[in-house]
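A.B. asks: Dropping the structure in here first, questions after.
Throughout, read-outs are computed from the coordinates displayed, never taken from laboratory work. Only a predicted model underlies this, so the values are computations on that prediction, with no experimental measurement involved. Because the Cβ atoms are built from the backbone with ideal geometry, glycine has one as well, and the counts that use them run over all protein chains shown.
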């Protein structure tokens, strides 16, 4: 039990008197030293915009101006449990020995919303049931509520004044409580505006990252970490929809990452409501939650929604006993979550629009090359051929060689333009193979519900640009011909698509292994931990396509159990051209 801890039977009576401030209001009266001290204390409270500092200043001023030995302000939750306790007079060692601060029960629960509770002897109150062992003795007592915005914000406790408290002490306590209420409200508004600016800055950072084509996972991690820091949560997590509609904790920032990551919260009504209906809420305790979440106290559920559709849920968690979330916390978090979700949608739309514009431009260039450049070269070749054969007289050898060379150059030019046209028609050919495979793996996140892992190696050495001795990404493009590269990308795409449809897995690993010439080959492996290879598959179109690609490339294709015995291992091989 902490200092000021009193027993908790039902409150029985209060002192409803409300003395006025005892400052002589007569015209021309010079203020006394005590009146000046009170005014100085009120001005000091008004100038303080830090809540913790303000509460400490309020308690110290209350004890000094009333002559009390002990003073405290107690802020409690709806059950009367103390959430913030600032005290003066009890030394640190005694406070540590007593443990937790007092709750608003018993005598402390009898303090009225208006006026004061003044007692000559605390132990004489009917609700008093003793002090805990080691608690300092407390006789005289004065308690008053601090009301902010029409509701009780906290309660002032004063005790142990020599000779007991008087009417003037009541007036001073009420005046300081009123001044503290105004100061607290100003400090809260200031803190709210600062947090609003922090949320706005965080949203701008997220938008910038998306516009700069940062990885989706990096952006999601930034969303969670920003929310955790701004809302002073111990843990922030993003609940995202999985492959079968389940809601899974996929991104975790802060404490408990190992035990929370991958947690299925589909059956949590609060998560479901936030995702389906956009119903944000906060709770004081995670009651009825998954055991891994039950140890947390205050929690906030903010929906990630865009265009009326659920994208995910942002979950903020604080340790048990921490300050609860408030309406303003929920409002600001919801705004940030909505901005983040909208930024995702707009960024994806921008990328899709950019791809469409690029495809249109490539198609136009290919069409122009085919319809104009090739036709003109073909006409030029016809004219050269006509010039060479239009005369019956022998053509001088030098001129014949020149005409033949020109015709060869025209034919070569036509062939090169046709290659360029085919390249433009297949937009991926100009993109490095590593980037194309990585893009397929990233795109599979949507259908799988999580991001597969990717490992690319050359002659057994993992690909890692910048690492000493590691092969460069460009080496793949030097060794793998464009046609074979197209097959590799298609195999990765079809394998991941089949896995998403049939495997029901929790993890997928994609491995691309290259062996250099002269015995050069390329191997694609896609391994999952799902249901495994069916005994009699009902659909085989995807694997049939993979087998056909392997046969056409002079390679092999297998689908079997991996060495781990769990899931399936798809293996596709082909020699290098």
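A.B. asks: If each residue's Cβ is checked for other Cβ atoms within 10 Å, how do 190, 157, 70, 296 rank with the fewest at the top?
C.D. replies: Listed from fewest to most nearby Cβ atoms, that is 190, 70, 296, 157.
A.B. asks: Please give the FRET efficiency for residue 327 paired with residue 564, using the beta carbon to beta carbon distance and R0 = 60 Å, rounded to the nearest 0.05.
C.D. replies: Step by step, r from the Cβ atoms, then E = 0.75.
A.B. asks: In whole Å and largest first, what semi-axes does the C-alpha gyration tensor of the range 107-153 yield when each eigenvalue is scaled by 5 and square-rooted?
C.D. replies: Computed over the range 107-153, the values are 23, 12, 9 Å.
A.B. asks: Let me make sure I get this right: for the range 50-160, a, b and c are the square roots of the gyration tensor eigenvalues over alpha carbons, sorted descending. Under 1.5 in a/c it's rounded, otherwise prolate if a/b > b/c, else oblate. Which is it?
C.D. replies: rounded
A.B. asks: Still on this structure, I have one more. Suppose we take every Cα in the range 45-113 and form the convex hull; what volume per residue is that in Å³?
C.D. replies: Numbers: hull volume 8.3 nm³, N = 69.
That works out to 120 Å³ per residue.
A.B. asks: Same structure again: May I ask you to compute the full-extension gain from residue 95 to residue 576, defined as 0.36 nm times their residue separation minus their alpha-carbon distance, rounded to one decimal in nm?
C.D. replies: Contour length minus the Cα-Cα distance gives 165.6 nm.
A.B. asks: Still on this structure, please answer the following. Quick check: pseudo-label points 7 Å beyond the Cα along Cα→Cβ at residue 478 and residue 208, how many nm apart are they?
C.D. replies: Taking the simple label geometry, residue 478 and residue 208 are separated by 3.8 nm.
A.B. asks: Quick one: of the DSSP bridges fully inside the range 431-575, what percent are antiparallel, nearest 5? Numbers along the way, then the final one.
C.D. replies: Values: 23 of 29 bridges.
Antiparallel bridges: around 80 percent, rounded to the nearest 5.
A.B. asks: Let me ask another. Label the range 128-258 by shape, choosing from rounded, prolate and oblate, from the square roots a ≥ b ≥ c of the eigenvalues of the Cα gyration tensor; if a/c is under 1.5 it is rounded, and otherwise prolate applies when a/b is larger than b/c, oblate when it is not.
C.D. replies: Prolate.
A.B. asks: Still on this structure, please answer the following. Applying 1/(1 + (r/R0)^6) with R0 = 22 Å to the Cβ-Cβ distance of residue 148 and residue 335, what FRET efficiency is obtained, to the nearest 0.05?
C.D. replies: Once the sixth-power term is evaluated, E becomes 0.40.
A.B. asks: Multiplying the sequence separation of residue 373 and residue 551 by 0.36 nm and subtracting their Cα-Cα distance, what value in nm do you get?
C.D. replies: Residue separation times 0.36 nm, minus the Cα-Cα distance, leaves 60.4 nm.
A.B. asks: Quickly work out the residue 497-to-residue 124 label distance, labels modelled 7 Å from Cα along the C-beta direction, and quote it in nm with one decimal.
C.D. replies: 8.8
A.B. asks: At 0.36 nm per residue, and after removing the present C-alpha to C-alpha distance, how many nm does the segment from residue 113 to residue 281 gain when stretched out fully?
C.D. replies: Gain in length upon complete extension: 57.7 nm.
A.B. asks: Which FRET efficiency, nearest 0.05, do residue 194 and residue 439 yield, Cβ-Cβ r, R0 51 Å?
C.D. replies: About 0.80, to the nearest 0.05.
A.B. asks: Rg and Dmax in Å for the range 194-349, alpha carbons only: what are they?
C.D. replies: Values for the range 194-349 (Cα only, Rg and Dmax): 14.2, 43 Å.
A.B. asks: Once you place label points 7 Å from the Cα toward the Cβ at residue 36 and residue 167, how far apart are they in nm?
C.D. replies: Going from the residue 36 label point to the residue 167 one covers 2.6 nm.
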